[in-house]
Amino acid sequence: MSGVRPNVQNMTTAPVRSRWEEQRSFDELGRPLRDVTFCVVDLETTGGSPGAGDMITEIGAVKVRGGEVMGEFQTLVNPHTSIPAFIAVLTGITNGMVADAPPITSALPAFLEFARGSVLVAHNAGFDVGFLRHFAREQDLPWPDFEVVDTVKLARRVVTRDEAPNHKLSSLARVFRSGTTPNHRALADARATVDVLHGLLERLGSVGVHTLEELQTYSSKVAAAQRRKRHLADRLPHAPGVYLFCDEQSRVLYVGTSKDLRRRVRSYFTASETRSRMGEMVQLASSVTGIECATPLEAEVRELRLIAEHKPSYNRRSRFPEKVTFLKLTREPWPRLSLVKRVLDDDADYLGPFSSRSAAESCLAALHETFPIRQCSDRFGRRPSRAACVLAELGRCLSPCDGSVDQGTYAAVVRQLRDALLRQPDDVVELVNEKMAALAEQERFEEAGVHRDRLASFVRAAARTQRLTSLTRCPEVVATRREDPSTGSGTGVRWEVHVVRHGRLAAAGVIPKDVDARTYVEQLRVSAETVVPSVGPIPAATAEESERILRWLELPGVRLVEVDGEWTCPVRGAGRPNLGP
């Protein structure tokens, strides 16, 4: 490196190893700020945008840890372009001063080596780091994975307008009584920024910010009382599972799931949690219970079951899985469709569940438009003798009540309806599409939209029922999949195994290293929950649980180990592509 060489002062010659470098596996502890090596950097440039051709004229940096200076770096940089007069006046750096300085191709690698392994700090870091990254790209230099702290952003959260008129470095240096006055020279400004950083850290320490992770997520909008509760996560593992926030009376306030319990729960006590309801919940919480799960799917299923059991007030979804509606095709001499809340062991056919009654009513309307079966709720004998209703006069009902149709003809229509519900919905789709097209030609678009919504409700419900039934009618499905790398332990390839019985998760596990896979799977099957199904499309679990399991089974890479029964959907069922409006 020719010309002016970097000025490295007070540089520790022996390698300094922080406790964090020795204990990276203890991420749950966070990195104490006293053990973090910060590299505070400042640049002088010919302008404000490297993309517009502006160049670096000086780099200054100070490396500190635990309040002690470990070394300094300073070099002028030859921009190979003329320095604008107003920049020369502002910084005191002239063309003559940089004439013999090293170019950025020499200065930048030297700085990156100096800063390696530290956390970059800058006042308005976007400017300084942006320049450095730009020239690293131009030189095809690999950019180290620096974490960055911006003292401007921190100051805006800590220093009030009563203390300083603005958050410029010169103003903050006065607030924190810096020993160096900023003067638009890189090293002096970096030294002043060190004093500002230490002043900010001192203030933040008094409100419970003691680690780098807490510093990076700090916001004055997070109450100190909320931050102080971060210890509630201390005993949680770094593993997939379910967590429960509870109040002082041990009532469950909120249930959630995560691939990393400790990290997720800690986030509730930082600025990364922006939901006002969650802030309110955290204030009420006095404990957090974690339930470690073998796999993320097990965690998702346990979450659903716990929400249904405890009905936490701060969970918005899945609290009332019992509040569903089914569409029932009755078994009687003159069958009809009806909306019901429960599935009975009455040999009837059921469609659903629907999450809302309005969706069920919309589906029911689509079916009544297609199949002219009776809509009344009266009970008829085999030979009814009553007066016809208005629907019969409009041609929308076969009118068994007055003997207008024989049982054989009526039963044939019911068979078509049952086939549309369970296997092939084409008749409903074609008829409703014809009605929509006719209404659109007449520019009756709102009416066409009503029919479209009815058809969509029917197709969704039929597809859901067929998919659920395909799984829930299987007494057992055993499947395995290579573990998601983002949830792995870093100990090599591992395989998740799930045992599913009648659509309910009966067991979950991960095949341990150096254990025979077949033996492990068989032991998991033997120890799995015994599932006794009831009746209907979802005989052993909630629809949401079975659907979560289905989504996992349909992931790429899932291997079926064993299927007891027949896991199939109708070839021309409602779930096939390109069906519907």
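Where a number appears in this text, it was derived from the coordinates with a stated rule and is not lab data. From a predicted model like this one, the values you see are computed outputs, not experimental measurements. FYI the Cβ positions are ideal-geometry reconstructions off the backbone, even for glycines, and counts take in every protein chain you see.
Full extension of the chain segment joining residue 515 with residue 450 gains 17.6 nm, where the gain is 0.36 nm per residue of separation less the Cα-Cα distance. Positive-end ranking of 372, 425, 475 along the dipole of the chain, with charges on Cβ about the Cα centre, is headed by 372.
Quick one: divide the alpha-carbon radius of gyration of the range 474-564 by 2.2 N^0.38 Å and tell me what you get. Don't jump to the answer; show the numbers that get you there.
On the way: Rg = 13.5 Å, N = 91, 2.2 N^0.38 = 12.2 Å.
Taking N as the residue count of the range 474-564, the ratio is 1.11.
Taking each of 229/513; 259/323; 259/328; 311/341; 229/259; 311/513 in turn, the alpha-carbon distance tops 31 angstrom for 229/513; 259/328; 311/513.
Going 7 Å from the Cα of residue 534 along its beta-carbon direction, which residues of the range 324-361 have the amide nitrogen within less than 17 Å of the resulting point? In the range 324-361, the label zone of residue 534 (backbone N under 17 Å from the point 7 Å along Cα→Cβ) covers 324-328, 340-355.
As a rough guide to protection, the peptides 495-507, 420-432, 518-530 ranked by mean Cβ packing within 10 Å, highest first, stand as 495-507, 420-432, 518-530.
Between residue 382 and residue 139, the distance separating the two model label sites (each 7 Å from Cα on the Cα→Cβ line) works out to 9.6 nm.
For the pair residue 231 and residue 157, a Förster radius of 35 Å applied to the C-beta separation gives a FRET efficiency near 0.95, rounded to the nearest 0.05.
Residues whose amide H comes within less than 5 Å of that of residue 494, counting only those at least five positions distant or on another chain, are 483 (H built at 1.01 Å from N in the peptide plane).
For the range 285-442, the Cα-based Rg and Dmax, in that order, read 21.5, 69 Å. The order of the peptides 237-247, 94-104 by mean Cβ neighbours within 10 Å, most packed first, is 237-247, 94-104. For the chain, the spherically averaged projection of the C-alpha convex hull amounts to 38.8 nm². Coupling constants for the range 114-130 follow from the phi torsions by the Karplus curve (6.51 cos²θ - 1.76 cosθ + 1.60, θ = phi - 60°), and in residue order they are 4, 8, 3, x, 10, 9, 6, 10, 8, 8, 6, 4, x, 5, 5, 5, x Hz; glycine and proline get x. Summing Cβ point charges (Lys, Arg +1; Asp, Glu -1) relative to the Cα centre of the chain gives a dipole of roughly 1320 debye.
Based on the convex hull around the alpha carbon atoms, the range 357-444 presents an average projected area of 7.0 nm². You can think of it this way: the chain between residue 338 and residue 277 has 18.0 nm of extra reach, that is 0.36 nm per residue less the Cα-Cα gap.
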